[in-house]
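What follows is a short report on a single structure.
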Amino acid sequence: MLNHLPKEVKISVTRSISAAFEKYMESIQWDEQKYEMDKFLTYWREYAEKHASWFRQLDDAVKRDPRFHEELADKINEVIGKILREPPSEQDIRTLNELIGRRGLTDIDYTCKMEAKYHIRRLTEQEYLPHDKNRKY
């Protein structure tokens, strides 16, 4: 069923899975101990219903079909697997090492490009936050 959808819809499904996974992992600060597949699936479904045009385009009959859900589950596993296997670029590694050094941190664990990007954003934002919370600006 999923394979019979138009190419644009399949691309949109993949993007929604990737975007929702990124947002979910950010919400748990990429803490693998906090990851729960059921919670992610709920998060993704809410994300798709609110933000993905492809979801509104699907027939309700397709949305209810167990075969569609099985294929969708396979697609979700495939997309997450690709994300987790994509290594950070050399530039990502250099940037992270520079940020870690400037912040005086010992190390940050990251295993994939998306997680590295999360830490780069997080550490970059921290550099620009005021360090003295009692100080008035």
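General observations
- Across the chain, the fraction of Cα-Cα pairs farther apart than 18 Å, rounded to a whole number, is 63%.
- Crossing angle, helix 7-27 versus the chain [Cα axis fit, 0-90 degrees, rounded to tens]: 40
- Net dipole in debye of the chain [+1 Lys, Arg Cβ; -1 Asp, Glu Cβ; about Cα centre; nearest 20]: 480
- Among the listed pairs K39/K117; K39/K75; K10/K39; K7/K117; K10/K50; K50/K117, those whose Cα-Cα separation exceeds 19 Å are K39/K117; K10/K39; K7/K117; K50/K117.
- Computed from backbone phi, the HN-Hα couplings of segment 108-123 come to 10, 7, 8, 10, 9, 4, 5, 5, 4, 4, 4, 5, 4, 4, 4, 5 Hz, rounded to whole numbers (Karplus: 6.51 cos²θ - 1.76 cosθ + 1.60, θ = phi - 60°; Gly and Pro given as x).
- Per-residue ellipticity at 222 nm, computed for the chain from helices alone with -39500 (n - 2.57) per DSSP H run of at least four residues, works out to -22000 deg cm²/dmol.
- Dipole-positive endmost among G81, S27, M37 within the chain (Cβ charges, Cα centre): S27
- Within segment 63-90: backbone nitrogen closer than 15 Å to the I100 label point (7 Å, Cα to C-beta): 88-90
- Multiplying the residue separation of T111 and Q33 by 0.36 nm and subtracting their alpha-carbon distance yields 26.6 nm.
- For segment 45-125, the Cβ-based charge dipole about the Cα centre amounts to some 280 debye (Lys, Arg positive; Asp, Glu negative; other atoms uncharged).
Since every read-out is calculated from the coordinates, none of them should be taken as a lab result. Note that the structure is a prediction, hence the values are computed from the model and not measured. For neighbour counting, all protein chains shown are included, and Cβ atoms are generated from backbone atoms with ideal geometry for every residue, glycine included.
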